[in-house]
Amino acid sequence: NGQPWMGQDFVVSGHSQGGHAAMWTGIESRKPWAQAVSLNLKGVAAAAPATDINKIMEMQWEGLPGWVLGPEIIATYAFQSAAMNNFARTYNVLSPTGMEQLANVAPLCTTQAGAAAEPFVAQGLNFLKDPATAQTEYAAWADILAQQTPVSEQGLANSYPSDLPFLMLSGTADNVVVAQLNAAMQQSFCAVRDGQPGRPMRAFWDPVLPGVLTPPLSSFVGGVADT
């Protein structure tokens, strides 16, 4: 009849936090509520996805990454409900400077937050507390953040489906979404478990940004790695 029509088959993709959201779409696609809408997710593509959020915070709490990523993490969790806001205040992982500047940096986009943070970084002032000296606070967040980390083991609320194709694109020198963490996820997804093959996954590794944080060569071959 000449009218636009959207089919029931679809794919999803995203970059960085959007890559994490794309993977989470894959996880949710097998939940009963998602099955009820009769949409068929055919595959997920994620570029530099945020994978292990606990590890990202542990490795990126200081300097410019902490100022850029920290406000986004806080906005994601602390502002979503009164209960989470109270939890965030009880287990506060922001430095005194971070608390003072939260209202200023929270509304900013990534590049704007980076520019606003430069004077503080130059003075050695961090947005987040040092995990080594705030172990109680970070430990309280650990379970919440772990629940948001996609895993290949099945039967969990954060299990990535064993039959859903997954394409990951990452940079070997990415020192924001740290490359080793995505390489570790790739190795986990591709591992044989209980005699069953790994996830239907393909990974492309390509140099981006100068840096020294690179995954081991064993995690990628010739720029392409397949399960």
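When the Gaussian network model of the chain links Cα atoms closer than 10 Å, the mean-square fluctuations of 39, 125, 94 top out at 39. Structure remark: mean-square fluctuation, Gaussian network model of the chain, C-alpha springs under 10 Å; the largest value among 141, 61, 205 belongs to 141.
Remark: region 16-29, residue by residue, has Karplus-estimated 3J(HN,Hα) of 6, 4, x, x, 4, 5, 5, 4, 5, 4, x, 5, 6, 5 Hz, where x stands for each Gly or Pro and the curve is 6.51 cos²θ - 1.76 cosθ + 1.60 at θ = phi - 60°.
Please work out whether region 115-211 counts as rounded, prolate or oblate from its C-alpha gyration tensor, where a ≥ b ≥ c are the square roots of the eigenvalues and a/c under 1.5 means rounded, while otherwise a/b larger than b/c means prolate and anything else oblate? Verdict is oblate for region 115-211. For the peptides 178-191, 145-158, the ranking by mean Cβ contacts within 10 Å, running from highest to lowest, is 178-191, 145-158.
From the Cα gyration tensor of region 15-89, with a ≥ b ≥ c the square roots of its eigenvalues, which class applies: rounded if a/c is under 1.5, or else prolate if a/b is larger than b/c, or else oblate? Oblate. Over the chain, DSSP H runs of length four or greater, each weighted -39,500 (n - 2.57), average out per residue to a 222 nm ellipticity of -12500 deg cm²/dmol.
Residues whose amide H falls under 5 Å from that of residue 167, counting only those 5 or more places apart or on a different chain, are 44, 45, 46, 202, with hydrogens built in the peptide plane. GNM on the chain, alpha-carbon springs under 10 angstrom: the most fluctuating residue among 199, 89, 30 is 89. Projecting label points 7 angstrom from Cα along Cα→Cβ for residue 9 and residue 91 puts them 4.3 nm apart.
Apply the a/c threshold of 1.5 to the C-alpha gyration tensor of region 114-155 and tell me whether it is rounded, prolate or oblate. Taking the square roots of the gyration eigenvalues as a ≥ b ≥ c, region 114-155 is oblate. Measuring from centroid to centroid over Cα atoms, what is the spacing of region 20-42 and region 48-66 in Å? For region 20-42 versus region 48-66, the Cα centre distance is 26 Å.
Any read-out appearing in this document is the output of simple, stated calculations on the displayed coordinates, not a laboratory observation. Fair warning: this is a prediction, and the values are worked out from it, not measured in the lab. A quick note on method: Cβ atoms are made from the backbone with ideal geometry, for glycine too, and the neighbour counts reach across all protein chains shown.
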